[in-house]
1. Between segment 1-28 and segment 271-345, how many Å separate their Cα centres?
2. Between residue 263 and residue 115, how high is the FRET efficiency from 1/(1 + (r/R0)^6) when r is the Cβ-Cβ distance and R₀ = 51 Å? Nearest 0.05.
3. Kyte-Doolittle mean at least -1.0 and Cα extent at least 24 Å along the axis: which DSSP H helices of the chain qualify?
4. Just from its helices, what would the mean residue ellipticity at 222 nm be for the chain, if runs of 4 or more DSSP H residues each count -39500 (n - 2.57) and the sum is divided by every residue, rounded to the nearest 500 deg cm²/dmol?
5. Could you name the aspartates and glutamates in cross-link range of residue 19, using Cα to Cα under 12 Å and dropping any fewer than eight places away on the same chain?
6. What does the net charge come to around residue 119 if you take all other residues with beta carbon closer than 14 Å to its beta carbon, with K and R at +1 and D and E at -1?
7. Please compute the per residue accessible area over the chain with all protein chains in place, 1.4 Å probe, rounded to a whole number of Å².
8. List the lysines whose Cα sits under 26 Å from the Cα of residue 346, skipping any in the same chain fewer than 8 residues away.
Amino acid sequence: MPLYKQIQEDIRYMIRSGKLRAGDRVPSETELMEHYHVSKITTKNAINGLVEEGVLVRHRGKGTFVKHIDDDNESMSRYKGLIGLILPCMKTKVDQHIINAVEQYVRENGYHLLIKITQESALEESRAIEDLMHLRVKGLIIFPIEQEMYNNDILRLSLDRFPLVLIDRYMKEIETYSASANNLDGAYQAVNYLLRKGHEHIAFVTVNVTNSATTDRAQGFEKAFLERNLSINKNLWCMLSIADIASGNGVFMIQEFLKEHPQITAVFTVNAELTHYAHRAIQLLGQSSGRSLELVSFDQSELPDVSYVKQNVEEMCKVTVDMLLEQIQGTYNPRRVAVPVTLFHKNILNKI
């Protein structure tokens, strides 16, 4: 960014944040020249540009001042800057709900939202961060892609204390802001529900990427068994890779896995996409062998006969935006917030 534009942006920020109010005198060209270590031509261009935009006004012999905003420009006076939202995809209702809720809370607080979709690509995630930083966003909300290690650009933002909140994920080793569903408790509720119904041989269908969400859901699965002093048979864990899912082999692989383990009577899946694959695999298995399996999902799949763990996406997004604004306003108190979840089972769904 050219130096004169950097000066302009800094002055705009001081106006938006209330450090400079209508009628306040702004630093002179000489003062700006000394502060930024630039030429007087640079500071003159910066001030002239803001005067032409109607942000500042000159009074001969007195200096340059923040212009009084009239009623017609009231909406512009409320504009505080840009916030970036980075998502891996738009496959599920949860993804769409996150965009809608984040945009609402960002707008209500006087900011505009810029959205980037990374298509589950680490390279695109890095490019999205770079693009949004060049656009001078005030903060970033990032839903990281499915991978074991977090992107180095995200780590760098955290270490630099740039206003950042991770949504639906958290970093185990690095202190940062994050908001996610209570994944451990959600999985625990779902598996405990199946155990109470008499299922002991429960398949766990998950991706083999060990990020914070999948790790917590696996721990919730284990907790339900351990509390009942039941042994955990990890031979009943069906682990699919991202490549397996992308190739379209998900249904076939789950079906074959269930065939190889005839003792399985119930299935717990970690997300809505895998739930659809498992549901179809169970249907095909029933047609060929007559087996009937109960299915429970983390996240709503829109399948009427499937119990599921529902995230409170609205609350998660509100907490996310609140924590981001806290950082933008100068407070740094990193923490992890786990938003409570609710189990909706088939008996409830059928009554609605």
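1. 44
2. With R0 = 51 Å, the Cβ-Cβ based efficiency is 0.65.
3. Span-like helices here: 272-289.
4. That comes out to -14500 deg cm²/dmol.
5. Residue 19 reaches 10.
6. Taking every other residue near residue 119 into account, the sum is -2.
7. Dividing the accessible area of the chain by its residue count gives 51 Å².
8. Residue 346 reaches 91, 93, 197, 223, 259, 310.
The values are calculated or read from the model by the stated rules, or taken from the named source; none is laboratory data. Everything numeric in this text was worked out from a predicted model, so none of it was measured. Because the Cβ atoms are built from the backbone with ideal geometry, glycine has one as well, and the counts that use them run over all protein chains shown. Surface areas here come from the heavy atoms of the whole protein model, side chains and all, with no ligands, DNA or RNA. Shrake-Rupley method; radii C 1.70, N 1.55, O 1.52, S 1.80 Å.
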